[in-house]
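Participant: Here it is: the structure, laid out below.
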Amino acid sequence: MNKEPLLYRLTPSDPAGHQFSVQLIIRRPNPKGQEFTLPAWIPGSYLIRDFSRQITSISARSGKKPVPVRKTGNHSWRCAPCAGPLTLEYTVYAWDLSVRGAHFDQTHAFFNGASVFLGATGHEHEPCYVELLAPPHARNWKVYTSLPEAAGHSLAARRHGFGMYRAPDYDALLDHPVEMGTPQCVRFKAHGAEHEMVFTGLAPNIDLKRIAADAQKICAAQIALFEPASKRAPFLDSSDRYVFMTMVTADGYGGLEHRASTALMAARTDLPTLGQDNPGDSYQTFLGLVSHEYFHTWNVKRIKPAAFAPYDLSRENHTRLLWVFEGFTSYYDDLMLLRSGAIDQASYLRLLGKAISGVLRTPGRHKQSIAESSFDAWTRYYKQDENSPNALVSYYTKGSLAALGLDMTIRRESGGSRSLDDVMRLLWDRYGRDFYQGSGKGVPENSIARLVREATGVDVSDFIARYVDGREDIPLQSLLRQQGIRLELKAASPTPTLDVRIRPAHGETVLATVFEGGAAHRAGLSAGDILVAINGLRVTETGPDRLLQAYQPGDTVTVHVFRRDELRAFDVTVSEPARTECILTAAAPA
């Protein structure tokens, strides 16, 4: 039987009220009553988001006859039995300026499909046509998306135009975000594949040519890593182009991967401007984000854990493998900057040293493994509080160090003939390249050691047991030394410390985290306390370091704080600063 396509129409209808109007037409609804659902979460962001809360009105009709619609769960609705075609109409509130949801005002419109497109139960595998209509106030607005135009349809959109687009099924529909407006845009090709970079928001004089040149090198290097022979871009199974959609704000940062595009947020100061000779570290931050999300085009969008094949978007999908899918990606993002020539070795070693320092400053690494952190992403990593540094470890950062350790171990044990690259190519060959054309199988939970051995001949089961499933620190100093890299640890500052993290707030200094076992913890200070004075001298919003410079480790000082509205005093024996600042240097050539 021929599949009956679903037809969506989306109009950014009220820019001041931030409302999208959406229509969905089903020719053959379930005669017993058609159910509709909206995803509870969006792949790549492991937290229940409850997008359904932003649907502000919903109604249905069969022809001109109204059809009752009843909500049946947090994310589901059911229409009364009726003949087709069934038309569902609803509005979505779009005021979430993030990479995850939807945002619309007079300047632009952006949405992820998971936040706006209701799915029709039983019709998930049917083609989806989407007619994108211009908002009433729009002048010269264009559409930027990797969603293919509906070629052959009478209303088919032209490139960057409003009109009809097409997805092969509901899963694909959700995986092509859309940006509308008048952004700055630049294009390039990597191994013949078209790429677009779109920048929305006020970003005067950004150097689009420089950004495109650097991004092209990064993308080309990643394509060559996975496909050294064919140099075929992975997204060509879904679209004829890849789109980087960047929202530029004062201090934004973040990204969300999709099968042929990514949504990014970047700080204005992270982007190079015309005439700027050396954009510095902040530009490296942006390039690292570009590299990270592009690497996901292979690693997690096509090479997936079995728990994500397929996704169940109605509930949490637990896996112990996020250290592979986010950690390996976090290792390769900066490494690909180096390999592509976007940064030099000294810059790369600084970035790697920063990652090592970040893990060493997290006491929670002794309480939680990165496999456990992966599993607990939904309830712990994405719901962090003041005690999280004491209780958690990041599967991103320690996961990246696990990837580094595995890479160094494989190189050592294979005499330099194999590396983690070989593992990635095996994963791509077996699980990724044909994911959207074949059965869509994912990586089994306990298979990494076996797959590494198959790809490289190296047994890493002990490494996995100790540093992934276990909580030991990875012996990076010795592993890096064997590769000609010297790792040195020193204190970030000679000033004695309270062993806290602080945050300024309204001219005051607040204890954001009190590290377990540290000076403040031993004395009885707590997260949320407002530092007032040390030995009678006022603590300013810049923090206590200026005052603590007068003391030596082991000295006892009286610290006054406000806890709620109560003034309290604590005698604190200040600590010697921990040696967690990692400095990496390459050995001089012989």
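The values are calculated or read from the model by the stated rules, or taken from the named source; none is laboratory data. Because the structure is predicted, anything quoted here is derived from the model rather than measured. In this analysis, Cβ positions are derived from the backbone assuming ideal geometry, glycine residues included, and neighbour counts consider all displayed protein chains. Just so you know, the surface numbers come from the protein's heavy atoms only, side chains and all, with ligands and any DNA or RNA stripped out. Shrake-Rupley method; radii C 1.70, N 1.55, O 1.52, S 1.80 Å.
Participant: If you take every residue apart from Ala512 with its C-beta less than 11 Å away from the C-beta of Ala512, what net charge results, scoring Lys and Arg +1 and Asp and Glu -1?
Facilitator: -1
Participant: Moving to a separate point now. Per residue, how much accessible area does the range 16-61 have with a 1.4 Å probe, in Å²?
Facilitator: So the range 16-61 comes to 40 Å² accessible per residue, rounded to a whole number.
Participant: Something else now. Describe numerically, in nm with one decimal, the distance between label points set 7 Å from Cα along Cα→Cβ at Ser59 and at Arg503.
Facilitator: 4.4
Participant: Here's a follow-up. If you fit an axis through the alpha-carbon atoms of helix 397-413 and take the longest principal axis of the Cα set of the chain, what angle between them do you get, 0 to 90°, nearest 10?
Facilitator: The angle comes out at about 80 degrees.
Participant: Here's another thing I want to ask about it. If you count the DSSP beta bridges with both ends in the range 128-249, what percent of them are antiparallel, to the nearest 5?
Facilitator: Of the beta bridges lying entirely in the range 128-249, close to 70 percent run antiparallel.
Participant: Structure shown: which of Lys367/Lys398; Lys301/Lys383; Lys142/Lys231; Lys398/Lys441 lie over 21 Å apart, alpha-carbon to alpha-carbon?
Facilitator: From the list (Lys367/Lys398; Lys301/Lys383; Lys142/Lys231; Lys398/Lys441), the Cα-Cα distance tops 21 Å for Lys301/Lys383; Lys142/Lys231; Lys398/Lys441.
Participant: Taking Cα centroids, how far is the range 312-353 from the range 440-504 in Å?
Facilitator: When both Cα centres are located, 13 Å separates them.
Participant: Let me ask something additional. By the scheme Lys and Arg +1, Asp and Glu -1, what is the net charge of all other residues having a beta-carbon under 15 Å from that of Asp555?
Facilitator: Residues close to Asp555 contribute a combined charge of -3.
Participant: A follow-up question, please. Relative contact order for the chain: what percent, with Cα pairs under 8 Å and sequence separation of 6 or more?
Facilitator: 9
Participant: Another question about this same structure. Just the accessible area per residue of the range 168-326, please: how many Å² with a 1.4 Å probe?
Facilitator: Spelled out: the 1.4 Å probe surface of the range 168-326, per residue, equals 32 Å².
Participant: Let me ask you something else. Run the accessible area of the chain with a 1.4 Å probe and give the carbon-and-sulfur part as a rounded percent.
Facilitator: Looking at the chain in its full context, I get 49 percent from C and S.
Participant: Using DSSP, restrict attention to beta bridges with both residues in the chain and report what percent are antiparallel, rounded to the nearest 5.
Facilitator: 80
Participant: So, one more: What is the gain in length, in nm to one decimal, between Ala346 and Lys441 on full extension, counting 0.36 nm per residue of separation less the C-alpha to C-alpha distance?
Facilitator: 30.2 nm
Participant: Moving on. Could you name the lysines whose alpha carbon sits less than 25 Å from that of Lys32, not counting residues in the same chain fewer than 8 places away?
Facilitator: List returned: Lys3, Lys64, Lys65, Lys71.
Participant: Give the share of C-alpha pairs in each 10 angstrom bin for the range 482-590, from 0 to the last occupied bin, in whole percents, shortest bins first.
Facilitator: Spelled out per bin, shortest first, that is 14, 43, 23, 11, 7, 2, 0.
Participant: From the backbone phi of the range 149-156, what are the Karplus-calculated ³J(HN,Hα) couplings (6.51 cos²θ - 1.76 cosθ + 1.60, θ = phi - 60°) in whole Hz, Gly and Pro given as x?
Facilitator: 5, 7, 4, x, 7, 5, 9, 3
Participant: Follow-up question, since we're still on this one. Quick check: Cα centre of the range 193-255 to Cα centre of the range 519-561, how many Å?
Facilitator: Distance between centres, Cα-based: 46 Å.
Participant: Moving to a separate point now. For volume of the Cα convex hull per residue in Å³, several values are listed as (1) 137; (2) 148; (3) 184; flag the one computed from this structure.
Facilitator: (3)
Participant: Leaving ligands, DNA and RNA out of it, work out the accessible area of Glu35 with a 1.4 Å probe and give it in Å² to the nearest 10.
Facilitator: Looks like 50 Å² after rounding.
Participant: If you don't mind, another one. For Ala491, what is the net charge nearby, where nearby means another residue's Cβ is under 15 Å from its Cβ and Lys, Arg count +1, Asp, Glu -1?
Facilitator: Neighbour charge sum, excluding Ala491 itself: -2.
Participant: Now for a separate question. Using the alpha-carbon atoms, what tilt in degrees (0 to 90, nearest 10) does helix 281-295 show relative to the longest principal axis of the chain?
Facilitator: The angle comes out at about 50 degrees.
Participant: Long-range amide H contacts for Met247: which residues qualify at under 5 Å (H placed 1.01 Å from N, peptide plane, sequence gap of 5 or more or a different chain)?
Facilitator: For Met247, the qualifying residues are Thr200, Leu264, Met265, Ala266.
Participant: A further question on this structure: Any idea of the accessible area per residue across the range 425-575, 1.4 Å probe, to the nearest Å²?
Facilitator: I get 53 Å² per residue for the range 425-575.
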